[in-house]
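To keep things clear, I will list the structure first and then write my remarks on it.
Just so it is clear, none of the values below were taken in a lab; they were calculated from the coordinates. Since the model is a prediction, treat every value here as computed from it, not as a measurement. Please note: Cβ atoms are built from the backbone with ideal geometry, for glycine as well, and neighbour counts cover all protein chains shown.
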Amino acid sequence: MSQGINVGQYDQPAPAADTFCLSASEGERFLQIISQTSRIKRHYDLFQLLQGEVQYFIPHQILIAAWGDFHGPNLQLDVISAIPGVRTGRLNGCNVDSLLKGLYLRWLAHGRWPVLLDNAASEKLPHSACNCALHRSLRGMGSVLVHGIHNARDATDSLYLTANAGSIVKEVNVQRFPFLIDPVIAQIDAGFRRVAGLKSQLITTNVASTSRLPVLSAREEEIITWVSQGRTNVEISKILAISSFTVKNHVQRIIKKLGAANRTEAAAKYRHRDRQLQRKSAGSVAAVFAE
């Protein structure tokens, strides 16, 4: 799946927060979203939430929620759409991890601020040769919005991708758009946390089979990923909004955990570890389809 996405006109520093204010109509719509979110008890309630006033702020035909391990094989997904066949339970082993992980890194690099990929802004939307219902539908989408929620208590992220056949934002709302959708995504995230994730047919790696591999924390996985891309401590500190001293301490712990002599060797061992995980995951998939 392609991750060669060009930076568009929406990848710009956000305006000052004090420029944001809901109109009376927007305020009423947002209150309806809050009310509906508080009543969510089942997955179908999420579908109704996304088909309601959320469509005013974020028009879309597909929403993909992702959470868990963005640097390993066990990323958790949930797909909600009115398009036939585009469902969590119909993924049938289709791998959308590479798309989501690439967009996740871009979201981090953008300061965890909304990223909009819009054909109207000459963006090249991600695509895949896969012919499943989800990928066929994504190829027909004109705009993709990527935003998420960071949980500061346990340093985890949840990512949300919405795709729309037309443009998601009108030109007159470009400057206000990030401030409009940020609280809406927060409500969507709150809604998802009220129900258990649906089970897809994606095959995940048996945790026990990888127990002998070095275990890194979510933050360490995040940092070693950037180290593997040749980023310096200072660059990583700016991306993650933490001090370079903190990054340095994390890197030292990573080097120790991986039994490496330096950051270069640690990055090499991390890539080897990922290849091991991928081979184990591929073997699990082959075994299932051979039965």
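At a glance:
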read-out: Loop sites in the range 133-162: trypsin sites (Lys or Arg not before Pro), DSSP, at most 11 other Cβ within 10 Å; value: R153
read-out: Likely footprinting exposure, Y44, Y56, Y160, fewest C-beta neighbours within 10 Å first; value: Y44, Y56, Y160
read-out: Ranked list, fewest to most other Cβ atoms within 10 Å of each Cβ, for H110, H147; value: H110, H147
read-out: The range 17-192: C-alpha gyration tensor shape, a/c 1.5 cut-off, then a/b vs b/c; value: rounded
read-out: Sorted by Cβ neighbour density within 10 Å, fewest at the top, the residues L105, L116; value: L105, L116
